[in-house]
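Enquirer: Below you'll find the structure I mean.
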């Protein structure tokens, strides 16, 4: 995080919302001045207690800020809260479970969102946490009916509720301090990262309770072969920057599957993908079908095969289909939760239909087996 000072021009955009921050919906100068004083006091308190706040969505009437969870200690956060309340401002805190600890069966609450307000102005603060995959995550908290009513009374509307209730994931960006209109605030250097928020930021957490139940019921393969596969699959996925399809069930690798499937929209396919994968030591081993019909590519990483089926493309960070269970059911049937160790890719899936045969004269085009490069 940079603590350099900036003025006016570059970051003026980020404080444009100060003009209409009042939650009563008015824009008279006196009320704008009161809003400005309120926001300035809250931001000054955040600097004083080392709880840095930065803008994440300046386009709404409610001012949306964020802070990075680990950057300030619990004591500093408590001191900030006490200082805010000491100014006679009101504050609501929404908490949820720490997802990193939840993976290990520990339910430990962490602050997710704060609402700070006075008679005229409302500020929403999201708490961002860094996940093991090196991105920022903020948890979702869906208010109950009473809380919703109170939030609506503060001028918070459905678009704002979405920022509170939906978990989100962001690429990490540099944050530095700015001084604009005598208001000290942090701003993202890469401004575009939050300009389309909340679009394309939805985050789906793995169901760790379900994963533990799966392992309790079916066990976990701890054999040397399984561990070798997991290691190779992890390296392969890191290289290919894609996600495995069965994340939803086990929150990990399916060691008996022996391959990794990735899907993308056919409209996103470009022939250059083959040469790009090859550049990163993922040579093409075979090609089936045509771009317009039953297209599939298989690449290999050392002795681990990587299958590409052109259905959906999901980015590595934490992307899985939003309708995860429906997607898995479509590919693996209603009994997807039960492990199947004998799987025939062309017959086992429930969504496979007989589609005829390629004419013999098209076989050289639709069935291509490529020799593997020699290993050093």
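Enquirer: Which of the residues that make up the stretch 177-226 are within 26 Å of residue 100 (Cα to Cα) and in contact with a helix residue (DSSP H, G or I) (Cβ under 8 Å, 6 or more places away or on another chain)?
Expert: Correct list: 188, 197, 198, 204, 205, 206, 207, 208, 210, 211, 214, 215.
Enquirer: Under 6 Å between Cβ atoms, at least 6 apart or on separate chains: pull out the pairs that start in the stretch 99-114 with a residue that is closer than 27 Å to residue 52 by Cα and end on any residue that is assigned to a helix (DSSP H, G or I).
Expert: So the pair list comes out as 102/208; 108/101; 113/164.
Enquirer: Filter the stretch 285-301 down to residues that are over 30 Å from the mean Cα position of the chain (by Cα) and closer than 27 Å to residue 226 by Cβ and give me whichever is modelled with the highest pLDDT.
Expert: Applying the filter and picking the extreme gives 285.
Enquirer: Strands (runs of 3 or more DSSP E) wholly in the stretch 68-145 with at least 1 residues that are surrounded by fewer than 19 Cβ atoms within 10 Å (Cβ to Cβ) and at pLDDT 85 or above - which ones?
Expert: Correct list: 90-97, 109-117, 122-130.
Enquirer: Using the structure shown, decide if residue 41 is surrounded by fewer than 19 Cβ atoms within 10 Å (Cβ to Cβ), over 18 Å from residue 159 (Cβ atoms), at pLDDT below 55 and over 28 Å from the mean Cα position of the chain (by Cα).
Expert: In short, no.
Enquirer: Right, here's the next one. Condition check: assigned to a strand (DSSP E or B) and farther than 27 Å from residue 145 by Cβ. Does residue 187 satisfy that?
Expert: On the way: assigned to a strand (DSSP E or B): yes; farther than 27 Å from residue 145 by Cβ: yes.
It is true that residue 187 is assigned to a strand (DSSP E or B) and farther than 27 Å from residue 145 by Cβ.
The values are calculated or read from the model by the stated rules, or taken from the named source; none is laboratory data. On a predicted model such as this, the values are computed, not experimentally measured, just so you know. As a convention, Cβ positions derive from the backbone with ideal geometry for all residues, glycine included, and neighbour counts pool all protein chains shown.
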